[in-house]
Every structure is written in C-alpha cells, then in structure tokens.
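Here the structure comes first, spelled out in structure tokens, and everything after it is commentary.
The values are calculated or read from the model by the stated rules, or taken from the named source; none is laboratory data. Everything numeric here is computed off the predicted structure, so don't read it as measured data. All Cβ positions, even for glycine, are placed from backbone atoms using ideal geometry, and neighbour counts span all protein chains on display.
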Amino acid sequence: MENWQNQTKYIKTFNNDECELYTHNLSVFYGGTVQKLFDVSLGFKKNTITALIGASGSGKSTFLRSLNRLNDRVARVDGNIMFHELDINQKRINVYELRKAIGMVFQKPNPFPKSIKENITYALKANGEQDKAKLNQLVEESLKAAALWDEVKDKLDNSALALSGGQQQRLCIARAIALKPEILLLDEPASALDPVSTAKLEDTLKQLRSKYTMIMVTHNMQQASRISDYTAFFHLGRALEYDTTTNIFTNPQGEITEKYIQGSFG
Amino acid sequence: MNSKRTDRLATRVIYLLVAIIILVLIGILGNILIAGVPHLSWHFLTSASSSFEAGGGIRDQLFNSLYLLVLTLLISLPIALGAAIYLAEYAQDTWVTRLIRTTIEILSSLPSIVVGLFGYLLFVVQFGLGFSIIAGALALTFFNLPILTSNIEQAINGVPQAQREAGWALGLSNWKTIRGVVLPSALPGIITGIILSAGRVFGEAAALIYTAGQSGSIVDYSNWNMFSSTSFLNVMRPAETLAVHIWKVNTEGIIPDVNLVSAATSALLVIVVIIFNFGARLLGNWLYRNLTAAKVK
C-alpha cells in the first residue's frame, strides 16, 4: 500500500463559524497503544453532504463513530470535536443527549425486532414523549421525510423485520430523524442494498440535505460523486485530501488520491 | 480417487457414530417408556404412595417435584438473570471476570451429591431449616445457578451487536438499551434456557436426598395457609420428589410392586422432561414470532 509520507495533505478549511461541526487533531487509539487515526482536522458545513472515502481500514468509519462518541467503549479518542462551540469530546458531556443531536445510520439495516411504528416511537417514549397524538404525528413526519410513508402507512403495526432491506434502511433513517437531530452520520448506508434501493436511498438523502448536515462513509465512488458536496479522502488513518466533490473527482491534488479514485488500489 | 474413498469412509464412520448415539437413546427411552407407561394411570397419578401395600401412587411426589421446581426458579432466576446481564453486557475482560467465569464453569460441573451434602450442612444443620422444601430449593438453586446463568448469558450474547449500537445511536442509555432492545430480543433464548435447566432440576435426586428429605409428610391439598404444617404449600415440611422416590423405593422400599412403581415413576419423569424440552422449543418460537411480528392493538 502507498506510503502516506509521499503525499502532502490537501485539506480544504472553512471558517469555524461556517461549520456545523469540526474536529481538531482527532486521534483514536485501540487497546491503549494501537493508533488507528492520526490528527484528523476536518470541518463540515451546515446542510451539506460530505462523503468520507478511502480503502478498508483507512480510518473513515473510526472517524465517523468518534463523532457521536460511539467509540467510547472500545477506544481512546484524543483531540477536539467542536459542536455548537462546545468540545463534545469531553468526559462531562452527556453522550445520550449528544446522540439525539447527532444521529447515526449503520451499514447493515438494524431495525429493532418490533413493529414499524414502535421502531420510531421507542426512543421518543424513552425520552419522555407520552402524548399519543404527538407520537403518531412524529411517526408520520419522519416516515414521510425518509420517503417510506406511502409504502408502510397501512401496516405500521407490522414487524419491521418483514420490510425489504432498502425499506429497513429508510426506516432506520426515519427512526434517527424522529429525534430531530442536526447531524446525521451514515456509515456505508447503501452497501447492503441492491441498486434500486440504493437509488431510492440516495434520493431520500438528497431531500434531507435541506434540513440536516450529513457525513457519510462510502466505498462507492459513484455514490460519493452523485450525492455529496464535499469529499474527504482517508488513507492509513490520515485525512489526506479534502475538497469539494467536483475537485476531488476531476482534479485531485495528491497522487494517492488520484490512484484511489481511479481504482488502482483499495 | 483416493480422496473420494477417504471421504466415503469418513462419511460412513460419522453415520455409524450417529447411529450408535441414536440407538443408545432409543434403547434407554424405549426401555423406560415400555416398562413404565402401561402402569401409568389416573389412579397412580392422583393417589398417595403407600408404604407397605401394593397399589400406591405418586401424587405427593409429583406435586413436590413441581413445587420445588417453581421455588427453585423463583430464587435462582433473578440472580442468574442479573449475573448474566452483568457478564454479557457490563463485564470488561479482566482477570476478575475471567475468574467469575471459571468459577461458574467449576460450579456447573460440581457433582450434585456434593451440592446436596453442602446444602445439608449449611441449610439443614447450620441454618436449622431441617429436611424441608426450602432447604431443597436452596440446594437446587446452587445446583441450577451456574447452568442458568450461562444459558441466559448465551441468549443475551446471541443478540447482534448492531441492535445495541442502534439503541446507543438513538441516545438510549446502556440500561435502556439492554432493557428495551437486548432483553426482548433475547427473551425466546432466555425462556428456552430456563426450561432446559428446569428439566435438569426436575430430575435431580442426589442434591435433594439430604436437603428436602425422603419422607412424605401428610399433606392437605385443601389447606392454602402456607404457614400451617399440613398445608401443601408449607415450605418447612420435608418433601420427597419423583427422582428421590425412585431412589428410595429401590433401595429401601418394601412395597411388593416396587418394580412397577419405580418403572412408572421413571416413565413419568422422562415424559415430563420431554414435555419441558418440546415446550421450550414451542414457547421460544411462539415468543419470537410474537415479539418480532405485529402486535394487534
């Protein structure tokens, strides 16, 4: 594999006040000593989709999972994650509250083995929302936002496990946005889906852009170029290049970035 | 050609080994059932056992077995559930948790007669409980806890990690995630684990001989006051179970129909355990369907 020292980093920077969230020198260590991520500093603009690309093991998922502190149990995360002018990578932060503001959708659809409706209402109820009318309204809103309402509105009490993979994934998106987050983290959300479901999912994400800031890990170059505004290229635990998606795909600065995009490795 | 022959040989050996197991099983089960089932009758199930004459039943032993089982599960289930949740969800991999796991393994392979003698010394003698149902239930709890804990832990570990992450990512606390997401998913497996361990408890004799005792006291099934000494619910009375009964009539029984009684009792014991096993599977499947599928409101 290519050595990272051979390429200078080309990282686009924004003013901090333009960013919904930005990281400063984020490093992740597994088992205390094994470093998986090296000093990643990236900013994410409000209401954009940012794609994180790179080969397997390049650290993009590790980076993504650090943003909502999901790595807390398995790794040590150093550095700052700034959100609303607050460093959320601190012990005193209430991660449960944080995760309501920064939602996440995973690689494999993981609906709860409950009904479609309960998948959405479970977390809402746990947060203290008991009003039935309000809950029903939130179910409808979030399913509509995830472009799933028309397909499931007559079977809300059916098991979520009976849905197709694509529908399950959109249900997971609906479940996340029902909590009204500001940021959505997506970890290869379409990798387990067939092309038709993928296209639908991408349409959904494009529609959601007006309301949410999205950061998406993807292995699919076409997908990154189709729907993202910005793209960050990760390599061996380092963010090597970050720019508008158009620039990354048409005029990459670094040699490794170019090779990866052309499919020479990864 | 050579590898093909090796393969055929290996297949045949494997089939042979399976056949041996099946033959042994059919032999034992068939023998017990053929010898015992003809003697099973409504009269046998519903009349008290006799000390000297032929024609006694096993009403009290059957009830005692079930009652002891219920009490044992009432005591051991909360403890095992808590321990299993800790081991599966909270325990970090340190020498302490490794020690706990090893202890549980050792406990689960402890001979039940040792558990029985320990129970005799601790509960019967030291705590002064005498030969009683409660002493038996406590001994069976010791006997049951390790198996039950590891059964439940396995069921909890069987829930995909993705389910937990889904809960955490929605801002649910670890406990809320366990209670609302992990445990309902694991429930069918937990139920199966409980019922399978119940089968073992139900058939246990050695742990009970010195704790619950071997004498059948006079029991009044219409007396619901569990503090009355003749009540069937009284936990301080000695109680002989089915398995202990089999052991007793064969070692010191002087009833003339001892062979019939022990054969029929064995058959009943085996049938109940088989029912437990099939029941576990059916209930587990049914629960899984119900928890995952639509809830009609």
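Residues in the stretch B:48-91 that are hydroxyl-bearing (S, T, Y), assigned to a loop (DSSP other than H, G, I, E, B) and buried (at least 19 other Cβ atoms within 10 Å of the Cβ): 1 in all. All told, A:R170 falls short of being more than 11 Å from every other protein chain (Cβ to nearest Cβ), within 26 Å of A:T23 (Cβ to Cβ) and charged (D, E, K, R). Checking each residue in the stretch B:154-170 for being more than 7 Å from chain A (Cβ to nearest Cβ) and in a helix (DSSP H, G or I) picks out B:Q154, B:A155, B:I156, B:N157, B:Q161, B:R164, B:G167. Of all residues in the stretch B:250-297, those being away from chain A (no Cβ under 14 Å) and without any contact (Cβ under 8 Å) to a residue 24 or more places away in the chain number 12.
Within the stretch A:177-189, the residues that satisfy the criterion of being under 11 Å from the mean Cα position of the chain (by Cα) and outside any loop (DSSP other than H, G, I, E, B) are A:I183, A:L184, A:L185, A:L186, A:D187. Restrict the check to the stretch B:136-152 and report whether at least one residue is buried (at least 16 other Cβ atoms within 10 Å of the Cβ), in a helix (DSSP H, G or I) and facing chain A (nearest Cβ under 10 Å). Scanning the stretch B:136-152 turns up no residue that is buried (at least 16 other Cβ atoms within 10 Å of the Cβ), in a helix (DSSP H, G or I) and facing chain A (nearest Cβ under 10 Å). Among all positions in the stretch A:42-57, there is at least one residue which is among the polar types (S, T, N, Q), at pLDDT below 90 and under 22 Å from A:H219 (Cβ atoms). Selection of the stretch B:63-80 for residues being closer than 17 Å to B:I246 by Cα and touching a helix residue (DSSP H, G or I) at 6+ places or on another chain (Cβ under 6 Å) yields B:S65, B:L68. Restricting attention to the stretch A:105-122, and to residues there that are in contact with a Phe, Trp or Tyr (Cβ under 9 Å, 6 or more places away or on another chain) and facing chain B (nearest Cβ under 7 Å), which single residue is nearest to A:K211 (Cα to Cα)? Here the answer is A:Y122.
Of the set (1) over 26 Å from A:K100 (Cα atoms); (2) surrounded by fewer than 21 Cβ atoms within 10 Å (Cβ to Cβ), all apply to B:R164 but (1).
Determine if the stretch A:142-156 includes at least one residue that is touching a residue at least 24 places away in the same chain (Cβ under 8 Å), assigned to a loop (DSSP other than H, G, I, E, B) and within 11 Å of another protein chain (Cβ to nearest Cβ). Taking every residue of the stretch A:142-156 in turn, at least one turns out to be touching a residue at least 24 places away in the same chain (Cβ under 8 Å), assigned to a loop (DSSP other than H, G, I, E, B) and within 11 Å of another protein chain (Cβ to nearest Cβ).
For the stretch B:92-103, the candidate set comprises residues that are exposed (fewer than 12 other Cβ atoms within 10 Å of the Cβ) and among the charged types (D, E, K, R); within that set, the residue that is modelled with the lowest pLDDT is B:D93. Filter the stretch B:171-182 down to the residues that are without any contact (Cβ under 8 Å) to a residue 60 or more places away in the chain and either more than 7 Å from chain A (Cβ to nearest Cβ) or in a loop (DSSP other than H, G, I, E, B) (or both), then identify the one that is surrounded by the fewest Cβ atoms within 10 Å (Cβ to Cβ). Once the filter is applied, the top-ranked residue is B:W175. Residues being in contact (Cβ under 8 Å) with a residue 12 or more places away in the chain, over 23 Å from A:T245 (Cβ atoms), touching a strand residue (DSSP E or B) at 6+ places or on another chain (Cβ under 8 Å) and of a type in the set (V, I, T) are represented in the stretch A:24-40 by at least one member. Going by the structure shown, is A:R175 in contact with a helix residue (DSSP H, G or I) (Cβ under 6 Å, 6 or more places away or on another chain) and either within 29 Å of A:F63 (Cβ to Cβ) or in contact (Cβ under 8 Å) with a residue 60 or more places away in the chain (or both)? Answer is yes for this residue.
Among B:T211, B:T192, which is under 30 Å from A:N119 (Cα atoms), modelled with pLDDT of 85 or more and either of a type in the set (S, T, Y) or part of a loop (DSSP other than H, G, I, E, B) (or both)?
On inspection, the qualifying residue turns out to be B:T192.
Of all the numbered requirements in (1) outside any helix (DSSP H, G or I); (2) surrounded by 14 or more Cβ atoms within 10 Å (Cβ to Cβ), A:L135 misses one, and that requirement is (1). Condition check: under 26 Å from A:K125 (Cβ atoms) and either of a type outside the set (A, V, I, L, M) or more than 14 Å from the chain's Cα centre (by Cα) (or both). Does A:A160 satisfy that? Taking the combined requirement at face value, the residue satisfies it.
Conditions tested, residue by residue: (1) of a type in the set (V, I, T); (2) under 30 Å from A:K117 (Cα atoms); (3) surrounded by 15 or more Cβ atoms within 10 Å (Cβ to Cβ).
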position	(1), (2), (3)
B:N225	no, no, no
B:S231	no, no, yes
B:V235	yes, no, yes
B:P238	no, no, yes
B:K248	no, no, yes
B:A263	no, no, yes
B:F278	no, no, no
B:N285	no, yes, no
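Out of A:V139, A:V74, A:V152, A:V105, one residue alone is closer than 30 Å to A:S41 by Cβ and modelled with pLDDT of 90 or more. It is A:V105. Checking each residue of the stretch A:180-197 against the condition of being at pLDDT 90 or above and among the polar types (S, T, N, Q) gives no match. Of all residues in the stretch A:123-131, none satisfies being within 12 Å of chain B (Cβ to nearest Cβ), farther than 24 Å from A:I215 by Cβ, under 23 Å from the mean Cα position of the chain (by Cα) and surrounded by 15 or more Cβ atoms within 10 Å (Cβ to Cβ). Taken as a whole, the condition of being within 18 Å of A:Y122 (Cα to Cα) and surrounded by 19 or more Cβ atoms within 10 Å (Cβ to Cβ) does not apply to A:L186.
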